[in-house]
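Following: one structure in structure tokens, then a few remarks.
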Amino acid sequence: MDQTGLPARRTAHYLLMQIIGEGRLLSELVAAGALSQLGADARARAQRLATDALRGLDRADRMLKPYLKKSPPLHVMNALRLGTLELCSGEAAHGVVNAYVEIVARDKRTAAMKGLVNAVLRKVATEGPDGWQKRPVPLTPGWFRQPLVAAWGREAVEAIEAAHFAGAPLDLTAKGDPGAVAHALGGIVLPTGSVRLADAGQVSALPGYDRGDWWVQDAAAALPVRTLGDIDGLRALDLCAAPGGKTLQLAAAGAAVTAVDISERRMERVAANLDRTGLEARTVVSDAFAFDDGGFDVVLLDAPCSATGTIRRHPDLPYAKDGSDFGALIDQQAALIDHALGLLKPGGRLVFCTCSLLPDEGEVQIEEALDRHPGVAVLADALALEGVDQTWRTPEGGLRLRPDYWPDLGGMDGFYIALLRKPA
């Protein structure tokens, strides 16, 4: 990018300031219109710059450290981080340096530091991509890394961090034959049946999108529904349903589906995807605890969680969050399990899952639920799914998925899944 890329760079800088400085999520900023003043190409560029900078933040800071006597204000530091990323990605030094000098100079509080930015980035430019590659894989912020190491060990966490740094390919769930979708899109069929694309581009422009042949869904997120086996004709509830991938799976499998979510805007997306794919489900905008219809054969509860399993796709999470709200989420998950069991008919089945890497939001939840509900059984054999490594199964009867699994295929989201049966 040359100087014509300044609007995208300024927006990327704004995104970093809001995420790191104000604790706002990227999805929240985009929904609020942070990219709305840019053209399509600039929007994509700004978002890519911000997400790539977040993935490589620790590496950028290590690269900058020898050139800084002390840490500058965050406004300046984020400009240096973005400039370092671009220089080490092979962008022309002249355009990069001038752009970030101007970004710093436009703020009266930091204008006096434009000379520092110019000098530091020109030094970084001499190292370039070679210097970048010599640095270690970026570390996860300490507040999150410590519990990860306690749960999975240092070696596993290093592999998880490598997966986070690599980012994520695009996974799809096919309404019909995955092989046909993979062939049409130039992708591969993963061991569990999802379709993976290495370089997808604009999703809505891909063949089969308008026909509803598939929907976007990470391979890990596609597994909870598959634990249920044949559900044709069964009455199914998708509790906390948005964004709706599992609702579509349940409907495609022939279940009579009710999808419940508290967000009207997100439920509109679910309805739009049902329409696009030609699938049917009853959609209800409601707080999960306020929904009291009962007698379901199966309930799928993808509970609100820390979302720490999705960092390879959402690298803003460990910078926008600090873990302070996790306790409330964990309490809510336990209450939702209790509520979901009450919505099942006798002998009905509950799939509990979270896109989290923390055992407190997975394994521990099931252990404690079994203590609270002595008659409930774990259906561990349901996890013997095609393509699932049986070493991923956990002692309490669940399935633990991590980003470092399938390293040669591009990894997967962190996820926890367990299937419970209510007493008959």
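Readers should treat all values here as calculations from the given coordinates under stated rules, not as data from a laboratory. Here the structure is a predicted model, which means the values were calculated and not measured. Reconstructed Cβ throughout: ideal geometry from the backbone, glycine too, with neighbour counts over all protein chains shown.
Taking every Cα-Cα distance in the stretch 129-198 and sorting them into 10 Å bins from zero, the calculated P(r) comes out as 18, 29, 25, 24, 4 percent. Using equal-weight Cα scatterers in the Debye expression, the normalised intensity of the chain in log10 at q = 0.09, 0.10, 0.14 Å⁻¹ is -0.61, -0.74, -1.29. Among DSSP beta bridges lying fully in the chain, give the percent that are antiparallel, nearest 5. If I count the DSSP bridges inside the chain, around 50 percent turn out antiparallel. 3J(HN,Hα) along the stretch 118-131: 4, 5, 5, 5, 5, 5, 4, 4, 5, 7, x, x, 4, x Hz, from the Karplus curve 6.51 cos²θ - 1.76 cosθ + 1.60 with θ = phi - 60°, whole Hz, x for Gly and Pro.
From the Cα trace of the stretch 253-348, what convex hull volume per residue do you get, rounded to a whole Å³? Mind dumping the intermediate values first?
Details: hull volume 13.0 nm³, N = 96.
Enclosed volume per residue, from the Cα hull, is 135 Å³.
Listed cross-link partners Lys321/Lys422; Lys246/Lys321; Lys134/Lys246 are compared with a 32 Å cut-off, the Cα-Cα value being larger for Lys321/Lys422; Lys134/Lys246. Summary value for the stretch 3-134: 26 percent relative contact order, contacts being C-alpha pairs under 8 angstrom separated by 6+ residues. Rounded to the nearest 10 degrees, the angle from helix 363-372 to the longest Cα principal axis of the chain is 30 degrees. Taking the Cα centre of the stretch 293-413 as reference, the dipole from Cβ charges on Lys and Arg (+1) and Asp and Glu (-1) amounts to some 180 debye. Ordered by the count of other Cβ atoms within 10 Å of each Cβ, fewest first, Tyr319, Tyr67, Tyr100 give Tyr67, Tyr319, Tyr100.
Over the stretch 219-421, what is the percentage of antiparallel beta bridges among all DSSP beta bridges, to the nearest 5? Intermediate values should be presented prior to the final figure.
Numbers: 12 of 31 bridges.
Here the antiparallel bridges make up roughly 40 percent for the stretch 219-421.
Note on Ala92 and Leu68: their simple-model spin labels are 2.8 nm apart, each label 7 Å out from Cα toward Cβ.
About its Cα centre, how strong a charge dipole does the chain have in debye, to the nearest 20, once Lys and Arg get +1 and Asp and Glu get -1 at the Cβ?
Numbers: 45 positive and 53 negative charges, 371 e Å.
About 1780 debye.
Helix 264-277 axis versus longest C-alpha principal axis of the chain: approximately 70°, rounded to the nearest ten. Any chance you could give the angle, 0 to 90 degrees and rounded to 10, that helix 6-16 forms with the longest Cα principal axis of the chain? Once rounded, one gets 60 degrees. Toward the positive end of the charge dipole of the chain, with +1 on the Cβ of Lys and Arg and -1 on the Cβ of Asp and Glu, the farthest Cα among Thr354, Gly186, Val76 is that of Val76. Before anything else, pin down the relative contact order of the stretch 186-261: Cα pairs under 8 Å, at least 6 apart, normalised by residue count, whole percent. Relative contact order for the stretch 186-261 comes out at 24 percent.
What value does the stretch 219-421 have for Rg/Rh, both radii from Cα atoms and Rh as Kirkwood defines it? Rounded to two decimals, Rg/Rh equals 0.94.
Ala166 to Asp287: FRET efficiency via 1/(1 + (r/R0)^6), r the Cβ-Cβ distance, R0 56 Å, to the nearest 0.05? If you can, show how the numbers build up before the last one.
Numbers: r = 37 Å, r/R0 = 0.67.
After rounding to 0.05, the efficiency reads 0.90.
Scoring 337-350, 379-392, 51-64, 409-422 by mean Cβ neighbours within 10 Å over their residues and listing the highest first yields 409-422, 51-64, 337-350, 379-392.
Each part gets one Cα centre, and for the stretch 358-424 versus the stretch 307-335 those centres are 19 Å apart.
Fully extended, how many nm does the chain gain between Arg135 and Asp338 (0.36 nm per residue separation, minus their Cα-Cα distance)?
Numbers: separation 203, 0.36 × 203 = 73.08 nm, distance 4.73 nm.
Roughly 68.3 nm would be gained on extension.
Across the stretch 219-421, Cα pairs under 8 Å and at least six residues apart give a relative contact order of 22 percent.
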